[in-house]
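Take this structure first; my questions come after.
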Amino acid sequence: MRIFFLGILSILFCAACSEQHNHKGKTPLVELDGNFLYREDLQSALPARLSKDDSLLFAEHYIRNWVEDILLYEKAQSNIPDNGEIEKLVENYRKALIMHTYQQALIHQRLSNEISEQELTEYYEKNKELFKLERPLVQGLFMKVPLTAPELNNVRRWYKTPTQDAVEHLEKYSLQNAVKYEYFYDKWVPMADVLDLIPLKVPEVESYVNENRHIELKDTAFYYFLNVSEYRSVGEQEPYEFARPKVKDMVLNLKQVEFMKAVKDDLYQQAVKRDKIKYN
């Protein structure tokens, strides 16, 4: 369908395209002052699964924007004199882009992303000041059940006890009765994510949760049971297991910096050895 409409557009616009220009196998769609918009470019930009009318509307807007950009650029060129500063900025950007692309290729080819657990834990222990919490974390358990759910007294007893036996009872119970059941005794989660699950309306909510580790709430349809077994507040040390992805990114970045420093130093030493550097 898309190709069909693009074919129609090609027929409509190709008559205006220069036959002398080398289009390198592409199909000209629109020409403006020697600039060409190609059918293939429009086709790649066209979203999939559009209707006939939407496809034509998208094509019209795309072509209009392309034409306006060309006209604005030409107008700007004619009103801004040759500017060496612009050329310098363009050249500097080009150099930076080429160097960045080459560095990324080198890093990908020669530097492994694999980092041992020992390296990660050592970095974490030596740089604990870098891993302070900016939001509270909790561990625990959450369950949401209808007001009509059975054995609520048992649920009240089980959810307060982080024993294997109590957890097994809750898991079996949740299969048939719970609307939502979340077990996170073994991982740290942002407290904000947990608070999104319960209708808790109190001032100083963080302090309330820290001081009231067993919370039972209800609304017109459900009971909410939350057991907070562990709590870390803002400013405290990030647990290693929570900080680990950040630690890995930092260690990998350091390795990349050290690797590129070694590459640059090697290039410099080779240039010195070959007497390529001339000081005037």
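The values are calculated or read from the model by the stated rules, or taken from the named source; none is laboratory data. The model shown is predicted, which means the values in this text are computed figures rather than measured ones. Cβ placement follows ideal geometry from the backbone for every residue including glycine, while neighbour counts extend to all protein chains displayed. Please note that ligands, DNA and RNA were not included when accessible areas were found on the heavy atoms of the full protein model with its side chains. Shrake-Rupley method; radii C 1.70, N 1.55, O 1.52, S 1.80 Å.
Hey, if you drop one equal point scatterer on each alpha-carbon of the range 115-208 and run the Debye formula without solvent, what base-10 log of I(q)/I(0) do you get at q = 0.21 Å⁻¹?
-1.09
Got the relative contact order for the chain handy, in percent, Cα pairs under 8 Å and 6 or more residues apart? Numbers along the way, then the final one.
Values: 257 pairs, mean separation 51.4, N = 280.
Value for the chain: 18 percent.
Leu50 to Glu114: extension gain in nm, 0.36 nm per residue of separation minus the Cα-Cα distance?
Values: separation 64, 0.36 × 64 = 23.04 nm, distance 4.33 nm.
Separation in residues times 0.36 nm, less the Cα-Cα distance, equals 18.7 nm.
Mind checking which lysines have their Cα closer than 19 Å to the Cα of Lys246? Skip sequence neighbours fewer than 8 apart in that chain.
Qualifying lysines at Cα under 19 Å: Lys126, Lys128, Lys132, Lys187, Lys255.
Give me the percent relative contact order of the range 133-234, please, defined on Cα pairs under 8 angstrom at least 6 residues apart.
Numbers: 158 pairs, mean separation 49.5, N = 102.
So the answer I get is 49 percent.
Something else now. Quick one: P(r) of the chain from all Cα-Cα pairs, 10 Å bins, percents rounded to integers, in order of increasing distance.
5, 15, 14, 12, 17, 19, 12, 5, 1, 0
For Lys246, put the label point 7 Å out on the Cα→Cβ axis and report which residues of the range 138-165 keep their amide N under 17 Å from it.
138-139
Give the Rg (one decimal place) followed by the Dmax (whole number) of the range 26-76, computed from C-alpha coordinates and expressed in Å.
My reading of the Cα-based Rg and Dmax gives 11.9, 37 Å.
Moving to a separate point now. Viscosity 0.692 mPa s, temperature 37 °C: give me the Stokes-Einstein translational D for the range 131-280 in µm²/s, with Rh taken as the Kirkwood radius over C-alpha pairs. Spell out each step's value before the answer.
On the way: Rh = 18.9 Å.
Estimated diffusion coefficient is 174 µm²/s.
In sequence order, what are the phi-derived ³J(HN,Hα) couplings for the range 100-117 according to the Karplus relation 6.51 cos²θ - 1.76 cosθ + 1.60 with θ = phi - 60°, rounded to whole Hz, with x for glycine and proline?
After applying 6.51 cos²θ - 1.76 cosθ + 1.60, I find 4, 4, 5, 4, 5, 5, 4, 4, 5, 7, 10, 10, 6, 7, 6, 10, 5, 4 Hz.
Tell me the net charge near Lys218. Cut-off is 14 Å between Cβ atoms, Lys218 excluded, with +1 for each Lys or Arg and -1 for each Asp or Glu.
Net local charge, Lys218 excluded: +1.
Given a 1.4 Å probe and heavy atoms of the protein chains only, how would you sort His21, His61, largest accessible area at the top?
Numbers: His21 80, His61 110 Å².
Order by accessible area, largest first: His61, His21.
Set the Förster distance to 41 Å, then compute FRET efficiency between Glu87 and Lys255 from the Cβ-Cβ distance, nearest 0.05.
After rounding to 0.05, the efficiency reads 0.65.
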